[in-house]
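Participant: One structure is given below, represented as structure tokens, and several questions about it will come after.
Where a number appears in this text, it was derived from the coordinates with a stated rule and is not lab data. Keep in mind that what you see is a predicted model, and the values were worked out from it rather than measured. Glycine also receives a Cβ, built like all others from the backbone with ideal geometry; neighbour counts cover every protein chain displayed.
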Amino acid sequence: MKKLILFFSFLLLITSCVPKVALSADYWQKPTKVGILINSNPPTKFKEGSQGLLDMAVTSGDKYKEALDLIGQNIHPKDELTIIYSDIFKSKGKEVIIIEEKFDSKTAKKFSGTKAEGKKYSSYDFSDLKAKYGVDELLFVNVNYGFMISYYGMIETGKMAHAALDTKIIDLNDQHLILANYNFKNEILKKWKDNNYENSIKGVRTALDKAESEEKAIFDPK
């Protein structure tokens, strides 16, 4: 029960911090050119639960590195998401430009322009991409995947395979959000080391598949 409470506390924290903007019913009627930028971060160990700085120092040795390396070798979200989004946008009549630039949240330009009442805005200013690639909008997807580890103090209480997609469509004229959605999936892992981390790789694959299915439903509801 304590582990469940910690998980829902984590869920409430991340979902309350992320803006949510639904796609308007007439979005697909507008003939715009869309840039697609998928920022897929390396497989990582994420933490949830109660863990102090001292506890983090005690548990900082990463026993998951080998498994994460194998996950990265076997699962390539950027490639598959680029295909998924490109196919959807093209099927809806949008012109698509794939943008291969690197994104670094630490150095990326922050948006500091005027904000109109009633609109939500990107945290980052992508206006340079409008002139550089001749696009009207940007589909920017930040991808995280790997392990979600639960802690209580210095005690590890559980682990899950994790995949998360933070998806935004940004109007590059003023940086307002046309769509903003965050979805993540977790899969409980058992015997995560067995058979050269086979269950870990399969768990992350399943989590990502479920997250991708949710994305397809958002953009192309049946």
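Participant: So, by mean Cβ neighbours within 10 angstrom, what's the order for 185-196, 137-148 with the highest one leading? Write down the numbers at each step before the final one.
Facilitator: Working: 185-196: 14.6, 137-148: 22.8.
For the peptides 185-196, 137-148, the packing ranking is 137-148, 185-196.
Participant: Using Cα pairs under 8 angstrom and six or more residues apart, how large is the relative contact order of the chain, in percent? Before the final figure, lay out the partial values.
Facilitator: Numbers: 389 pairs, mean separation 59.3, N = 222.
The value is 27 percent.
Participant: Another question about this same structure. Tilt of helix 77-91 relative to the longest C-alpha principal axis of the chain, in degrees (0 to 90, nearest 10)?
Facilitator: Between the helix axis and the principal axis of the chain, the angle is about 30 degrees.
Participant: In addition: Using label points projected 7 Å from each Cα along Cα→Cβ, tell me how many nm separate Lys78 and Glu101, to one decimal.
Facilitator: Here the answer is 1.5 nm between the modelled labels.
Participant: Let me ask another. Below 8 Å, C-alpha to C-alpha, sequence gap of six or more: please give me the relative contact order for the range 94-222 in percent.
Facilitator: Numbers: 197 pairs, mean separation 25.6, N = 129.
Relative contact order of the range 94-222: 20 percent.
Participant: Any idea what angle helix 194-219 forms with the longest principal axis of the chain, computed on alpha-carbon atoms, 0 to 90 degrees, nearest 10?
Facilitator: Roughly 30 degrees between the two axes.
Participant: Shape of the chain from its Cα gyration tensor (a ≥ b ≥ c, root eigenvalues): rounded if a/c is under 1.5, otherwise prolate when a/b > b/c, or oblate? If you can, show how the numbers build up before the last one.
Facilitator: On the way: a/c = 2.06, a/b = 1.70, b/c = 1.21.
Verdict is prolate for the chain.
Participant: Among 91-100, 64-73, 109-118, how do they line up by average Cβ neighbours within 10 Å per residue, starting with the highest?
Facilitator: Working: 91-100: 14.1, 64-73: 16.8, 109-118: 9.3.
In descending order of packing, they fall as 64-73, 91-100, 109-118.
Participant: What residues of the range 105-119 lie in the reach of a label at Phe46, counting those whose backbone N is under 17 Å from a point 7 Å from the Cα along Cα→Cβ?
Facilitator: 105
Participant: Hey, another quick one. Hey, what angle do you get for helix 65-74 against the long axis of the chain, alpha-carbon based, 0 to 90 degrees rounded to 10?
Facilitator: 40 degrees
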